[in-house]
Every structure is written in C-alpha cells, then in structure tokens.
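Each remark here refers to the structure printed beneath this line.
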C-alpha cells in the first residue's frame, strides 16, 4: 500500500511540474517583427509592425530598428510601444547601398538596467532583390546577422532555463508514472473467501 501512495505522489508531482512549466513557457511573449514585404529592391520603403515589446512606463527604452545587426545602421528610432506592446506601422527604407542577398531588420529595446529587454531583439528577414524584383543570390561581402546573437543573451538564457525545467518535469512525470505502474502490478489480487 505504501508503494501505491508513493507512486501516486510521484505521479502528482510530475504532473504538477509539467503543467507548471508548460504554463510558464506558454505565457512568455517574445517580441515579434513583421515586414510589409519579404523581398524588395534596395531603396524600397517598407512598413514594419511588431508586438510583445516592453512598456516604456515599466522602464524599457523606446524601440530602434537596425539593419543587419543589433549595432548596424539605424533605420528608425524612438518607437514607443503602445500599452499592449505593439509598435508600428513604422516606415523604413532598405538601404540603397544594399546589394542583392538576404538581410535582417532587427528591433532592439533595452530594459531599465541597460540590458536587452525580455524577448528582444526581434528579427525579420528580408531579401534584397535585383532590378525588377529578381533575386541574384546571397551577398557574401555583408554577413547576415546570426539569429542567436542578441548581445547579452538574457532572452536565450531564460528560454534555455524554461526548456530545461520542461525536460525535468517530463522526467519526473515519467518516473512517477513508472512508479505508479510498477506498484500497481505488484499489488496482490484480493483472494476469494469461500464459505
């Protein structure tokens, strides 16, 4: 009977851990960035919108949009997210010096400590095309910003922690289930009483 209770407790703890970590992970909002066009020639005006940025009333800075890296040329700055964290529409221009290839537009925002705000930087890919909208291959002279290079790494570290907690919860859930099933199989069947 004791192993039955232990198995049930292990199952309960595992299930609670999985539900808790899943809820926390599902409630995290990473900033997103959307472009009006996925490809355009150099010099084209684009409309940029975004969501899930930090509020300036909570100490986050206004958002700035950079070309191809977090420290690249500024396309627009001083963008204040609304109360729901949305930005835009903001008009930006693809640099006229951009040669055909793949690039990123990166939204940067810092918190009150000067670090990247949670969920930022946000990125959106764009292909700079040749004349008439035809792509002519990637540009090897200008590197495309790495999707994981976000400066301080705070957002990626927090996501990694949440994933590790999720894996731990799944392991606990599996151990609790195994204990429960093992203890259930070891239970002696009730013997029939004969009169």
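From the list 54, 85, 50, the lone residue that is within 16 Å of the chain's Cα centre (by Cα) and over 23 Å from residue 37 (Cα atoms) is 54. Scanning the stretch 91-122 for residues that are under 24 Å from residue 29 (Cβ atoms) and surrounded by fewer than 18 Cβ atoms within 10 Å (Cβ to Cβ) yields 111, 112, 113, 114, 115. Scanning the stretch 67-93 for residues that are touching a residue at least 40 places away in the same chain (Cβ under 8 Å) and under 13 Å from residue 110 (Cβ atoms) yields a single hit, 70. Figure legend. Inter-residue proximity from the stretch 25-37: first residues in the same structural domain as residue 162 (by TED's automatic domain parsing) and closer than 22 Å to residue 170 by Cα, second residues assigned to a loop (DSSP other than H, G, I, E, B) and modelled with pLDDT of 60 or more, beta-carbon distance below 7 Å, spacing 6+ or different chains. No pairs are indicated.
Condition test on residue 92, is it over 19 Å from the mean Cα position of the chain (by Cα) and at pLDDT 95 or above? So residue 92 passes the test.
The values are calculated or read from the model by the stated rules, or taken from the named source; none is laboratory data. All values reported here derive from a predicted model rather than from experimental measurement. A quick note on method: Cβ atoms are made from the backbone with ideal geometry, for glycine too, and the neighbour counts reach across all protein chains shown.
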